[in-house]
Amino acid sequence: MSGRGWLIRVAYTGVMRCNVFGTGYLGATHAAGMAELGHDVIGVDVDAGKIAKLAAGDVPFFEPGLRKLLSDNLAAGRLRFTTDYDLATEHADLHFLGVGTPQKKGEYGADLRHVHSVIDELVPRLTRPSVIVGKSTVPVGTAADLGRRARALAAYGVDVEVAWNPEFLREGYAVQDTLHPDRIVLGVQPDSIRSEAAVRELYASLLAEGVPFLRTDLQTAELVKVSANAFLATKISFINAISEVCEIADADVTVLADALGFDPRIGRRFLNAGLGFGGGCLPKDIRAFMARAGELGAGNALAFLREVDSINMRRRTRMVELTTAACGGSLLGANIAVLGAAFKPESDDVRDSPALNVAGMLQLNGATVNVYDPEALENSRKVFPTLNYSTSVAEACDRADAVLVLTEWREFVELDPAELADVVRNRVIVDGRNCLDVARWQSAGWRVHCLGRRLESV
């Protein structure tokens, strides 16, 4: 089918057929979201076990609202999952790449093996003009390389375009961010004739709602996502660096952040001082950004990100120091309750989790550590099997010498200090996220320790 005929068919029906390669967090969410927009979607993965779970409506990770979205669209027949590349290529001419780009072992750079594998398996099978749209976060220059790779692998007469449509999903809000994005960015090849029309048709209902659409070149689209993550990481590390100064100067970083937030040039979001950032995106993305800048000869331009990363990692050590002080100067034999293991609330993701990292360091310093998290216990056991895991707050806090709040789940923020007082051995709480009502806890007789605030003697 000619490219023109393909576009006419898409515009006429209003319903598109598309494939999403990779069914992890990004791919599964995008596949279900596109089906929810009314399109006919197949999710493709080499992991047969993962495909079987998704096909049965079972999401292998926690993301609010995604299970229902998946089940609804499976039942409606708009969403399917397969390991069969031939089935997928026959199904559609629009293909999304949603595979992982983890950090290389022992290096800062991104591992692109999964991205290359999809191109190598998909392109030789294509028999019609097709568009491959990347969603994964990749080093700048990757899309152009994939375009050249695709042209070399494509059958004679089969035109394959590569475009890039970066994702901006926040864990815990991924469904909302997919169905109601704050912008759509699309990078296209200089000679592109199909990509923009195809992607605009796919997102037609979103564009009708007024979602901004930015068309750019491939390299700018690739840089948008990593630049956004680098900016957020910098803002978080900035307030945490100020937090270190506040502790020494006996100032209050939370009030300081409120004051800064009133400045419209700065804003209050991401100025919550605490344990720092983690997860599967920000840490590895800023490191890959630095690595790629070095390869391009622009390493000095992003040298500041090394300090951003360093500040972030120091918060974990500082949390251990604060806990040690809260326990009288030694952790040896202390019974510590750690509330939170996921890197953020509304997630079961423990990749590079500050909370779980701190729990492990506390144990290495001689403490008995009891961890509770509403969703991340199973994943935590895989990473730190030597820690003790509890099934409730009360169980984790039983006879605790100190209680640490390391992930700001609502369940923890809304705890009743009077009720918890009957469970612990010592009324000592260490707020690693500055999320608790300090006055409420102090009035119930608790000693409260916070990063960036000297409160224990109040």
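The values are calculated or read from the model by the stated rules, or taken from the named source; none is laboratory data. All values reported here derive from a predicted model rather than from experimental measurement. Glycine also receives a Cβ, built like all others from the backbone with ideal geometry; neighbour counts cover every protein chain displayed. To get the accessible areas, we keep the full protein, side chains included, count just its heavy atoms, and leave off ligands, DNA and RNA. Shrake-Rupley method; radii C 1.70, N 1.55, O 1.52, S 1.80 Å.
Oblate is the label for the range 351-394, because the ratio a/c of its alpha-carbon gyration tensor axes (a ≥ b ≥ c) is 1.5 or higher and a/b is not greater than b/c. Per the Kirkwood formula applied to alpha carbons, the range 233-333 shows a radius of gyration over Rh ratio, Rg over Rh, of 1.05.
Taking 7 Å steps out from each Cα toward its Cβ at Val245 and Ala56 produces label points 5.5 nm apart.
Taking amide H atoms as placed 1.01 Å from N in the peptide plane, the amide H of Gly187 lies under 5 Å from those of Trp164, Asn165, Thr216, each 5 or more residues away in sequence or on another chain.
Report, in cubic angstrom per residue, the convex hull volume of the C-alpha atoms of the range 93-248.
Convex hull volume per residue, Cα atoms: 139 Å³.
Using only the C-alpha atoms, the convex hull of the range 301-364 corresponds to 101 Å³ per residue. What FRET efficiency comes out for Ala303 versus Arg381 if R0 is 22 angstrom and r is the Cβ-Cβ distance? Round to the nearest 0.05. In this case the efficiency is close to 0.05. Under conditions of 20 °C and 1.002 mPa s, the range 35-103 yields 167 µm² s⁻¹ as its translational diffusion coefficient, taking Rh as the Kirkwood radius over Cα pairs in the Stokes-Einstein equation. Counted by Cβ distance under 11 Å from Asp45, the other residues give a net charge of 0, where Lys and Arg count +1 and Asp and Glu count -1.
Just to confirm the number: angle between the C-alpha axis of helix 304-326 and the first principal axis of the chain, 0 to 90 degrees, nearest 10? Tilt of helix 304-326: around 30 degrees.
Assign one of three labels to the range 193-238, namely rounded, prolate or oblate, based on the Cα gyration tensor with a ≥ b ≥ c the square roots of its eigenvalues; rounded applies when a/c is under 1.5, prolate when it is not and a/b is larger than b/c, and oblate otherwise. Oblate shape, in that a/c is at least 1.5 and b/c is the bigger or equal ratio. Between the range 308-336 and the range 378-394, how far is it from one alpha carbon centroid to the other, in angstrom? Their Cα centres are 19 Å away from one another.
Taking Cβ atoms as reference points and 15 Å as the exclusive limit, the residues near Asp145 contribute a net charge of -1, counting Lys and Arg as +1 and Asp and Glu as -1.
Ranked by the mean number of other Cβ atoms within 10 Å per residue, highest first, peptides 130-136, 446-452 order as 130-136, 446-452.
Which values of log₁₀ I(q)/I(0), to two decimal places, follow from the Debye formula for the range 179-294 at q = 0.10, 0.11, 0.12, 0.22 Å⁻¹ with a uniform point scatterer at every Cα? Each listed q corresponds, in turn, to -0.47, -0.55, -0.64, -1.17. Placing +1 on each Lys and Arg Cβ and -1 on each Asp and Glu Cβ, with no other charges, gives the chain a dipole about its Cα centre of roughly 720 debye. Pairwise inverse Cα distances across the range 161-207, averaged and inverted, put the Kirkwood hydrodynamic radius at 11.7 Å. Among the protein heavy atoms, those of Ser392 account for about 40 Å² of accessible surface (1.4 Å probe, every chain in place). Residues whose amide H lies under 5 Å from that of Val20, counting only those 5 or more places away or on a different chain, are Ile42, Gly43, Val44, Phe96; hydrogens are built 1.01 Å from N in the peptide plane. Estimated at the nearest 10 Å², the accessible area of Phe304 is 100 Å² with a 1.4 Å probe. Dividing the summed helix terms, -39500 (n - 2.57) for each DSSP H run of n ≥ 4, by the number of residues in the chain produces a 222 nm estimate of -13000 deg cm²/dmol to the nearest 500. The tail of the calculated P(r) for the chain beyond 36 Å holds 35 percent of all Cα-Cα pairs. For the chain, the per residue solvent-accessible surface stands at 43 Å², with DNA, RNA and ligands left out and a 1.4 Å probe.
Convex hull volume of the C-alpha atoms in the range 102-154, normalised per residue: 77 Å³. Approximating the spin labels as points 7 Å out from Cα along Cα→Cβ, the Thr216-to-Arg268 distance works out to 3.0 nm.
Remark on Ser353: its backbone amide H falls under 5 Å from those of Gly279, a criterion applied only to residues 5 or more positions apart or on other chains, H modelled at 1.01 Å from N.
Sum up the charges of everything whose Cβ sits under 12 Å from the Cβ of Ser192, counting Lys and Arg as +1 and Asp and Glu as -1, but leave Ser192 out.
-3
The value for the range 326-458 of Rg(Cα) / (2.2 N^0.38 Å) is 0.96. Give the distance, in whole Å, between the Cα centre of the range 278-299 and the Cα centre of the range 105-136. Going from one Cα centre to the other spans 20 Å.
Of the three principal axes defined by the Cα atoms of the range 1-151, the extents in descending order read 45, 41, 23 Å.
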